[in-house]
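Remarks on the structure that follows.
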Amino acid sequence: MKILFVIQGEGRGHFTQALSLKSMLERNGHEVAGVLVGKSPARQLPDFFTKKMDDVPVYSFESPNFLPTTKNKQAGIVVSILYNLLKIPAYLKSMYFISKKIRKTEADLVINFYELLTGLTYGLFCPKTPYICIAHQYLFLHPDFEFPKESRSELYLLLFFTKLTSLRASRLLALSFRPMSSLPDGKLVVVPPLLRREVLQTDASQGDYLHGYMVNSGFSEEVIDWHEKHPELPLHFFWDKKNAEKTTKVDDCLSFHTLDDELFLQYMAGCKGYATTAGFESVCEAMYLGKPVLMIPTHIEQACNAHDAALSGAGVIAGEFDLDKLLTFLPQYKPNLAFHNWALQSESVFMEEIYYSLLLQNNFDFAFNV
């Protein structure tokens, strides 16, 4: 079976999920025929992703995205909406590009990792190739999902956006920190996180440093400010800063690294705590390795991630990189062993759901043709 990936290029989570699924598919005799990545001019494809895709062709296209504020921290919602409205002609061009690549690769299945333009492409161009969607965000459509106390208008926009990413999808695979019942109609299925095999095979240890990741590099100012007050504690942070050196060493106890999946996992495995801008994937990695987490959401989507993770015992939530809050939480933290067992079911669950999605589509096509 030939499969085409379409990935939202914000942060590292969707990239690592795609790499994990690629390995699963290949172990089960399938082929990833190509990868399409939606990105903004402010982002660049991380080297670890393009290298791990090996001989699979990777193409990028211009896609809607959150714009950070002038300090490159929190996402500017209003400015983002206005900016993306002006870019509609470019996005229509991207949708045509996606449609053309679906035909050209002759894929049997398209898998969408929360890229908005995939849903809009299927809504406008109606490709015949079936597709399914994978992301934690689809759990927001579950009636039992508990939302944080946030703006109702922002929550409505988030749900609307999530539905747009999955227009005409045959299946929504909602990544979750814990098992939940799937919906009766069978379209939304709750599944384990897509952790990389390297994570599942890693042995954790207890180091003397804190590890971190920030999707917007402006948060580095907060980390540096905290470090100046606590210069004795080693810190290793990863950022998504464009054109940064591989390692930016502030001093002997503080370094900022560009995205590198192997180095990131190495520091995750040995840290005593992890601070992040509340993306789903890295929080899952921390939970699997038994690391307490400080979560600093940058927009409504990450606020929902952080709230859900806190309900599963991952850690605590803050409005800034106040690492004191993480250090205070360390003695209270208890690893979630149920999550560990849930994550180990991932490959069998995903293979079953992908086969079932194709079976449903084939039965539909047969009935329609008859």
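FYI, it's all coordinate maths here, none of it is from the lab. Please read all numbers here as calculations on a predicted model, not as lab measurements. Every residue, glycine as well, gets a Cβ built from its backbone with ideal geometry; the counts of neighbours run over all protein chains shown.
For segment 198-342, what number results from the quotient of the Cα radius of gyration and 2.2 N^0.38 Å?
That ratio works out to 0.96.
Looking at the chain, what % of its DSSP beta bridges pair antiparallel, to the nearest 5?
Rounded to the nearest five, the antiparallel share is 10 percent.
Only bridges with both residues in segment 198-342 count here: give the DSSP antiparallel percent, nearest 5.
15
If the limit is 25 Å between Cα atoms, which of LYS100/LYS163; LYS100/LYS246; LYS163/LYS241; LYS128/LYS187; LYS22/LYS249; LYS104/LYS241 go over it?
In this structure, LYS100/LYS246; LYS163/LYS241; LYS22/LYS249; LYS104/LYS241 lie more than 25 Å apart at Cα.
Pairs of alpha-carbon atoms within less than 8 angstrom and 6+ residues apart define the contacts here; what relative contact order does segment 110-265 have, in percent?
Across segment 110-265, relative contact order equals 16 percent.
At 222 nm, what helix-only mean residue ellipticity would the chain give, in deg cm²/dmol to the nearest 500, using -39500 (n - 2.57) for each DSSP H run of four or more?
-12500 deg cm²/dmol
Hey, how many Å between the Cα centroid of segment 282-317 and the Cα centroid of segment 232-246?
Spelled out, the Cα-based centre of one part sits 20 Å from the other.
What does the net charge come to around PRO57 if you take all other residues with beta carbon closer than 11 Å to its beta carbon, with K and R at +1 and D and E at -1?
Around PRO57, the surrounding residues sum to 0.
Please compute one quarter of the surface area of the Cα convex hull for segment 89-174 and express it in square nanometres.
6.1
Rounded to two decimals, what is Rg over Rh for the chain when you use alpha-carbon atoms and the Kirkwood radius?
Expressed as Rg/Rh, it is 0.95.
Over what distance in Å are the Cα centres of segment 324-339 and segment 194-214 separated?
Between the Cα centre of segment 324-339 and that of segment 194-214, the gap is 15 Å.
For LYS93, go through the aspartates and glutamates and keep the ones whose alpha-carbon is under 14 Å away, minus same-chain ones fewer than eight residues off.
Result set, ordered by chain and number: GLU62.
Out of all Cα-Cα pairs in segment 142-281, roughly what percent, to the nearest whole number, are more than 22 Å apart?
55
Mind putting together the pair-distance distribution for segment 273-314? All Cα pairs, 5 Å bins, whole percent per bin, short to long.
Histogramming segment 273-314 at 5 Å steps yields 6, 30, 39, 20, 5, 0 percent.
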